[in-house]
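Read the structure below first, then the notes.
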Amino acid sequence: MEVNFRKIDIDAFDEEVLRESDLYEEDPRGPAQALDEAKQKQTAVRSSLARNDIVGALSLVLDNPPYGPHVEEAKNISLQTLLTILNTTKSTEITNVVKSLSPDAQDTLMKYLYKGMGMPGWGDISGSVLLGWHEKLTEVAGTGCIVRTMTDRRTV
Amino acid sequence: MAPEVYHIAQTPIIAHAFNADRSALAVSLNSNEAQILARSGKEWATIETLSEHDKVITSIDWAPNSNRIVTASQDRNAYVWQQTPDDTGKVIWKPTLVLLRINRAATHVRWSPNEDKFAVASGARAIAICSFDPENNWWVSKLLKKPIRSTVLSVDWHPNNVLLAAGSADSQARVFSAYIKEVDSKPAATVWGSKLPFNTICSEYRSPAGGWVHGVAFSPSGDLLAFTSHDSSLNIVYPGSNVVHNVRMPSLPLVSLVWTTEDTIIAAGHDCQPFVFNGTEGGWQEAGTLDDQSGGASGGPARRGGLAARSGAFAAFQAADSRGLGGSSGSSGSGDTKLTTVHQNTITDVRIYDGAPGQVARVSTSGVDGSLAIWDVNAVSAITGRLGGMSMR
């Protein structure tokens, strides 16, 4: 029996199919520009960390992060940069750091925490560090912050 | 003032609607039949069952002046129910067919302010605007389709009987014109636009973090729009200046909302309590909750502050973890899992109970816990210990 028809992507023939682009606006920066910005931020974050300015460093990397498809490289660098900050912060300081972030930055931080937890073993990811931040961030920003991470399709 | 609380059923109440003088109540108890309840003493008792649908009834609306009920269901149909004498002279609720022409579930239904048409939201990425056709004795529909990209979850009418707000799972809230030539006279210009043929898209708003839009509502004047979305936020739109205020909640998403005055909104949802918001064009904020959390669990670990709505379950798990007290062994009673809120589960529907638009005095809520509560909108209490509440000690 002819079974090739099973491999036809019927959605391609459906004029009413729901596309990703219907649900959110793509990152306006192209892959090259996003990568460039991510690298610049990495350098800026290093100097902030050298001055021991953790809030400044976090705000930098959490502001306008690369999101969506096509910017994988920039996303990886941003995650790497963020992990450096998370791993070097003393656990006693976390609560105060989280409190001084803007609500937007808190939501973005939660996205990165979940992304990190989804990639065990990648780079410098340490599960216990991420969980520590997650606990403190949830205390400050509530479960609403987690819900926003789960609904937002602009994945970091 | 403590809310009036009625335990209607053991099953979820999907939707509820009162009649004009609040002596009767129509509910969908997560089934294909709608129940008409009447007050008997301190309880509500079923006096009639409306059975015509094949699948779960998703929404009910009761027109106060014409005393007609409209029901929408997952079976892709809607019926208009009217009290008519049957052959023996007994007055019964008689259904009239509505030609919806949709191929997915109907999700939400609301009568227009003049009660001469109604809007049915559906999973067929369309909204059916229905008006009566006396020649054939049925309700005909015209579909609002473009540019809806996904299931429509809620609709709300503008006071001018023409404009319709719709919230959709494509994370957008929209304002449409639902002008029907046969029914409506030419509408006056509003902040939303002046030329309004059918299916004009007056405006579109995306929820900030891309959550489905659960509930939409026009303000009493019709000049403002509010919508709640699954990213745990409430958004208020000022179309004149094109400002959208976003109130981020630290708690779970809100699913249903009503305006009580031109600057106050009551919204409720997965956090099991009605929240109050107020503000002006300058900004909006959470003002408190109508649930002072004294009505739920009486004693036990659930009463300790903390993350109020969830602390019951949380405390149960914590006890199981730290002291080895298991729920199944029977050592912790059923009280341990009781929430401190009046509703013991998600609130599905918030509606105006008492007062004219813009001066609402009381609202009613129904929930997945099968109870119905009537709240005084002025009994606002502060939200305690919620923000920093989810600590481990």
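The values are calculated or read from the model by the stated rules, or taken from the named source; none is laboratory data. Predicted model only: the values in this text are computed from it and were never measured. With ideal geometry, Cβ positions are generated from the backbone for all residues, glycine too; neighbour counts draw on all protein chains shown. Heavy atoms of the whole protein, side chains included, go into the accessibility calculation; ligands, DNA and RNA do not. Shrake-Rupley method; radii C 1.70, N 1.55, O 1.52, S 1.80 Å.
Data table
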| read-out | value |
| --- | --- |
| Accessible surface buried once A binds B (1.4 Å probe; total of both sides; Å²) | 1900 Å² |
| Zone residues, the range A:37-81, relative to residue A:21, backbone N less than 14 Å from point 7 Å out along Cα-to-Cβ | A:69-70 |
| Exercise: per-residue mean of other protein chain Cβ atoms within 10 Å, B:205-217 | 3 |
| Mean ellipticity per residue at 222 nm, deg cm²/dmol - from DSSP H runs of n ≥ 4 across the protein assembly as shown, formula -39500 (n - 2.57) | -6500 deg cm²/dmol |
| Length-normalised contact order of the range B:157-274 in % [C-alpha pairs under 8 Å, at least 6 apart] | 20 percent |
| Mean-position separation - Cα centroids, the range A:101-121 and the range B:227-248, in angstrom | 24 Å |
| Global form of the range B:110-166, assessed from the alpha-carbon gyration tensor, a/c cut-off 1.5 | oblate |
| Whole-Å distance, taken between Cα centres, linking the range A:33-84 and the range B:137-175 | 42 Å |
| Degrees between helix B:311-322 axis and first principal axis of chain B (Cα, 0 to 90, nearest 10) | 40 degrees |
| Net length gained if the chain between residue B:33 and residue B:88 were fully extended (0.36 nm per residue, minus Cα distance) | 17.4 nm |
| Average beta-carbon neighbours from other chains, 10 Å sphere, peptide B:244-253 | 4 |
| Contour excess over end-to-end distance, with Cα ends at residue B:97 and residue B:263 and 0.36 nm allotted per residue | 55.8 nm |
| Anisotropy class of chain B from Cα gyration tensor, a/c 1.5 cut | oblate |
| Surface share of carbon and sulfur [accessible, 1.4 angstrom probe, percent] for the protein assembly as shown | 51 percent |
| Gain in span if fully extended, residue B:4 to residue B:188, counting 0.36 nm per residue against the direct Cα distance | 62.2 nm |
| Rounded FRET efficiency, nearest 0.05, which uses the C-beta distance separating residue A:76 from residue A:10 and R0 of 41 Å | 0.75 |
| Ordering of A:136-146, A:116-126 by burial proxy (mean other Cβ atoms within 10 Å per residue, highest first) | A:136-146, A:116-126 |
| J(HN,Hα) series, the range A:45-54, from Karplus relation 6.51 cos²θ - 1.76 cosθ + 1.60, nearest Hz, glycine and proline x | 5, 4, 6, 4, 5, 4, 7, 6, 9, 6 |
| The range B:135-210: trypsin sites (Lys or Arg not before Pro) in DSSP loop, at most 16 other beta carbons within 10 Å | B:145, B:181, B:195 |
| Protection proxy ranking, peptides B:131-137, A:7-13, A:51-57, average beta carbon neighbours within 10 Å, highest first | A:51-57, B:131-137, A:7-13 |
| Phi-based couplings in Hz for the range A:5-16 (Karplus 6.51, -1.76, 1.60; Gly and Pro marked x) | 4, 5, 8, 5, 7, 5, 4, 5, 9, 8, 5, 9 |
| Square roots of 5 times each gyration tensor eigenvalue, C-alpha, the range B:15-78, largest first, Å | 20, 14, 8 |
| Accessible area (Å², per residue) of the range B:22-119, counting only protein heavy atoms and a probe of 1.4 Å | 46 Å² |
| Spin-label proximity, residue B:66 to the range B:123-166 - amide N less than 18 Å from point 7 Å beyond Cα toward beta carbon | B:128-143, B:156-164 |
| Pairwise FRET efficiency - residue B:287 versus residue A:52, Cβ, R0 = 35 Å, nearest 0.05 | 0.35 |
| Cα-based helix-to-principal-axis angle, A:127-151 vs chain A, degrees rounded to 10 | 50 degrees |
| Karplus-derived HN-Hα couplings along the range B:50-55 (A = 6.51, B = -1.76, C = 1.60, θ = phi - 60°), whole Hz, x at Gly and Pro | 9, 10, 7, 6, 9, 10 |
| GNM flexibility winner over chain B from B:148, B:180, B:47 (Cα, springs under 10 Å) | B:47 |
| Between the range B:5-41 and the range A:125-143, the Cα center-to-center distance that results, in Å | 43 Å |
| Distance cut-off 24 Å, percentage of C-alpha pairs in chain A lying past it | 39 percent |
